[in-house]
Amino acid sequence: MSVMRSRQQKLSEKADEERMLRLAAAIYARQKHETITSPNLFYCFVNISKDTSVFKFYIVPSRVVAKYVKEQHAFWLEMKRKEGKEVKDTDMRILRIGTKDEKYPVPTPLAEQYENNWGICIVTSKSREEGE
């Protein structure tokens, strides 16, 4: 039984690694980011490629970050508990930026929507000025 479980764990870890390769970015966050939202607050995440030194910028509204971080962490806790693992609910969270060609268990911010999306700040600012 323990040999089989060990094999399952290895397969699960390998699947997790492969899934991570299909992400545009993964960023550490904290529990507090589940509740920090403001129409004028945007996060700018920068991914610097090791191979090419290319910088990719992701401009994501705080409400999107908060929603994803909260839902993804709840999903992670649920999955670990279903696996029979004892998990400690810590302050650490992970924000992932996905790609449109992948399926994710939790609605995930996509690179195609937020990469170099500098205009989102201007649109939001103008909408607030116009009273929308």
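The values are calculated or read from the model by the stated rules, or taken from the named source; none is laboratory data. Owing to the predicted nature of the structure, the values given are computational and were not obtained by experimental measurement. Here Cβ is always computed from backbone atoms with ideal geometry, including for glycine, and neighbour counts include all displayed protein chains.
Structure notes:
- Within the range 69-122, tally of residues that are part of a helix (DSSP H, G or I) and of a type in the set (Asp, Glu): 3
- Taking first residues from the range 46-73 that are under 13 Å from Thr108 (Cβ atoms) and partners that are surrounded by 14 or more Cβ atoms within 10 Å (Cβ to Cβ) and small (Gly, Ala, Ser), the Cβ contacts under 8 Å between residues at least 6 apart in sequence or on separate chains come to Tyr58/Ala24; Tyr58/Ala25; Tyr58/Ala111; Val65/Ala29; Val69/Ala29.
- Number of positions in the range 90-117 that are of a type in the set (Asp, Glu) and in contact with a helix residue (DSSP H, G or I) (Cβ under 6 Å, 6 or more places away or on another chain): 1
- For Gly84: the one exception among (1) at pLDDT 90 or above; (2) surrounded by 10 or more Cβ atoms within 10 Å (Cβ to Cβ); (3) more than 24 Å from Asn116 (Cα to Cα): (2)
- Residue tally, condition part of a strand (DSSP E or B), hydroxyl-bearing (Ser, Thr, Tyr) and modelled with pLDDT of 90 or more, over the range 24-68: 2
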